[in-house]
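Scroll down for the structure; my scribbles are underneath it.
Just so you know, all these numbers are worked out from the coordinates, no wet-lab data involved. What you are looking at is a predicted structure, and each value in this text was computed from that prediction instead of being measured. Note that each Cβ is placed from the backbone with ideal geometry, even for glycine, and that neighbours are counted across all protein chains shown.
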């Protein structure tokens with residue numbers, strides 16, 4: 001596969017039999033400046049994820065789970081170390097190359113849905129494809145298919161303010177998957193939902209993971225969501241350990 005290709009990564013994954021090392025982080029170090037001094041968040045962190053795995057990352061609030069997902073997904077760069085997805089080393093990509101790769105191959109779901117309030121559910125879900133300049137008809141068709149898949153077929157024209165919290169998060173899931181990414185990263189996806197709605201979203205995420213042959217990493221405080229994953233890792237003192 002050509003490095004940086006926007007279309008061949010999924011073919012690359014499909015051609016292999018699981019398990020295979022698909023995402024690998026090596027010697028990740030990340031700090032933030034606090035009062036002019038560095039505050040380490042991730043310290044020589046190592047992570048190896050097999051293709052098709054669904055992994056939960058747990059840990060106390062403020063320990064760095066969001067930072068870890070941002071580094072793994074290319075939303076932020078580590079101070080040192082490397083992240084590879086398939087045979088693409090994200091650390092070696094230019095800023096523009098990283099943006100393009102992230103848009104096409106990595107889906108994000110956050111605790112707060114970050115939907116655009118002036119747009120409908122359909123328009124929000126299709127937004128990544130519009131940004132990638134995909135044909136409007138294709139973007140609309142794929143977004144509508146996903147919204148129907150997540151149970152919002154009768155909410156296509158509703159704006160976020162007309163949707164419940166659980167429905168808004170389902171739109172966010174559809175948006176994360178509309179580009180047919182290889183990797184799904186979810187940061188406390190049920191953290192802002194009541195227990196019943198959270199349980200429903202758990203099932204949806206598991207179904208999407210299987211149906212779309214994803215490799216998924218979920219940062220969560222929810223023990224039931226973590227227990228449903230293939231592995232549970234704890235982020236502690238900047239490193240991942242088995243939970």
Cut-off 10 angstrom, C-alpha nodes, Gaussian network model of the chain. Which of 100, 132, 186 fluctuates the most? 132
By how many degrees, 0 to 90 and rounded to 10, does the Cα axis of helix 165-177 deviate from the longest principal axis of the chain? 70 degrees
Nearest 10, in degrees from 0 to 90: the angle of helix 121-131 to the longest Cα principal axis of the chain is 50 degrees
Would you mind calculating the relative contact order of the stretch 9-242 from Cα pairs under 8 angstrom and at least 6 residues apart, reporting the percent as a whole number? 29 percent
Using a Gaussian network model on the chain with a 10 Å cutoff between Cα atoms, which of 39, 90, 214 fluctuates the most? 39
So, in nm, how far is label residue 194 from label residue 114 when the simple model puts each one 7 Å beyond its Cα toward the Cβ? 2.7 nm
Alpha-carbon radius of gyration plus Dmax, which is the widest Cα pair, for the chain in Å: 17.5, 52
Rounded if a/c under 1.5, otherwise prolate or oblate - the stretch 108-195, Cα gyration tensor axes: oblate
Projected label distance in nm at residue 21 and residue 236, using a 7 Å step from Cα toward the beta-carbon: 2.5 nm
Quick one: if you stick a label point 7 Å off each Cα along the C-beta vector at residue 180 and residue 82, how many nm between them? 2.9 nm
Calculated [θ] (222 nm, deg cm²/dmol) that DSSP helices of n ≥ 4 give over the chain, each run adding -39,500 (n - 2.57): -10500 deg cm²/dmol
Helix 195-211: angle to the longest alpha-carbon principal axis of the chain, degrees 0 to 90, nearest 10? 80 degrees
Max mean-square fluctuation residue, GNM over the chain, Cα-Cα springs under 10 Å, options 128, 189, 40: 40
The distance between the Cα centres of the stretch 221-241 and the stretch 145-180, in whole Å, is 27 Å
When 187, 44 are ordered from fewest to most other Cβ atoms inside 10 Å of their Cβ, what list results? 44, 187
